[in-house]
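Below is one structure, written out as structure tokens, with a few remarks after it.
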């Protein structure tokens, strides 16, 4: 078989290596009725080729019997005597690919502590071999696991998961970038970190501007408020005392998506409900607009940087 290690194919060794008992059989993935024997490092797997190639043309190419070799030829690669060697793949990765997906119905539920490893390995090999059902299954399960936003950005960049980027970016930008750990920075990478820094700078400027001036309440004399001047005065004071200073809090600043919720909770005898509802509409339509621009722009820049295919 011609070697193609980029797809996980056997390394070129001028022919398959003969099994003389120097390798051990997998305890979990050795099926006597299996149709192909594979070697990962020093371990042998005997599994069902039909499961491997199902739904993946790339897998079919990797595990196709070489030309000129009959399926019952004991000297062909893929037999117990001459196992098919896959280079560049770890035993744990292959175990998780098999147990986490191909043979998952035969196994007990995956322990919570192992889920990230199992489904990340499944994601890696499914992406490598273009096993779309496996990749979808891995992503679905990883979405149920509590992963840090930096980890999600890392996996999104590596495996073209564009739908994870927006929420991960928003979560990071909702906090100080100084809270990112060295591990977070290593996952994100310098170029993506620069994108986040620029976005955070823009957000900080807009937050300071928002905190310094209360959203405008209508000054229309025909508005119908009994004491509109009082409403305007009370509103400005409430904004300054209960929202503005919280937006600028040095340790625990209010998030921009909490502004509307906080304003809607205001109760003051000098502020009519009609005027409060009016100014809350102003907050929803205009004050929070900068957040709706900056986060998607940063997410789009990261998606473009990683050359991701955008999916809904």
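The values are calculated or read from the model by the stated rules, or taken from the named source; none is laboratory data. Fair warning: this is a prediction, and the values are worked out from it, not measured in the lab. Heads up, the Cβs are rebuilt from the backbone with ideal geometry, glycines too, and the neighbour counts pull from every protein chain shown.
Residues that are more than 25 Å from residue 298 (Cβ to Cβ) and over 17 Å from the mean Cα position of the chain (by Cα): list the helices (runs of 4 or more DSSP H) wholly contained in segment 85-171 that include at least 3 such residues. Full working, then the answer.
Values: elements: 91-97, 112-128, 132-142, 149-159.
Because the criterion is at least 3 residues that are more than 25 Å from residue 298 (Cβ to Cβ) and over 17 Å from the mean Cα position of the chain (by Cα), the helices (runs of 4 or more DSSP H) in segment 85-171 that meet it are 91-97, 112-128.
Counting only residues that are buried (at least 19 other Cβ atoms within 10 Å of the Cβ) and modelled with pLDDT of 80 or more, which one in segment 280-300 is farthest from the chain's Cα centre (by Cα)?
Initial filter on segment 280-300 (buried (at least 19 other Cβ atoms within 10 Å of the Cβ)): 283, 287, 291, 294-295, 298-299.
If we keep only those that are modelled with pLDDT of 80 or more as well, we get 283, 294-295, 298-299.
Numbers: 283: 31, 294: 20, 295: 16, 298: 16, 299: 12 Å.
Per the criteria, the residue is 283.
With the condition kept exactly as written, say whether any residue in segment 81-104 is within 14 Å of residue 29 (Cα to Cα), without any contact (Cβ under 8 Å) to a residue 24 or more places away in the chain and in the same structural domain as residue 25 (by TED's automatic domain parsing). Yes, segment 81-104 has at least one match. Note on segment 183-197: among residues that are in contact (Cβ under 8 Å) with a residue 24 or more places away in the chain and surrounded by fewer than 14 Cβ atoms within 10 Å (Cβ to Cβ), the one that is nearest to residue 278 (Cα to Cα) is 191. For segment 243-259, filtered to residues that are free of Cβ contacts under 8 Å to residues at least 40 places away in the same chain and surrounded by 15 or more Cβ atoms within 10 Å (Cβ to Cβ), the residue that is nearest to residue 208 (Cα to Cα) is 244. Of all the criteria given as (1) closer than 22 Å to residue 175 by Cβ; (2) not in a helix (DSSP H, G or I), the one not satisfied by residue 225 is (1).
Within segment 58-77, the presence of at least one residue that is at pLDDT 70 or above, surrounded by 14 or more Cβ atoms within 10 Å (Cβ to Cβ) and over 19 Å from residue 134 (Cα atoms) is confirmed.
Let's see how each residue does on (1) at pLDDT 95 or above; (2) surrounded by fewer than 22 Cβ atoms within 10 Å (Cβ to Cβ):
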| residue | (1), (2) |
| --- | --- |
| 113 | no, yes |
| 121 | yes, no |
| 131 | no, no |
| 172 | yes, no |
| 179 | no, yes |
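Within segment 47-57, the set of residues being more than 17 Å from residue 127 (Cα to Cα), touching a strand residue (DSSP E or B) at 6+ places or on another chain (Cβ under 9 Å) and either modelled with pLDDT of 95 or more or not in a strand (DSSP E or B) (or both) comprises 48, 49.
For residue 273, the stated conditions hold: it is loosely packed, with under 13 Cβ neighbours inside 10 Å and in the same structural domain as residue 174 (by TED's automatic domain parsing).
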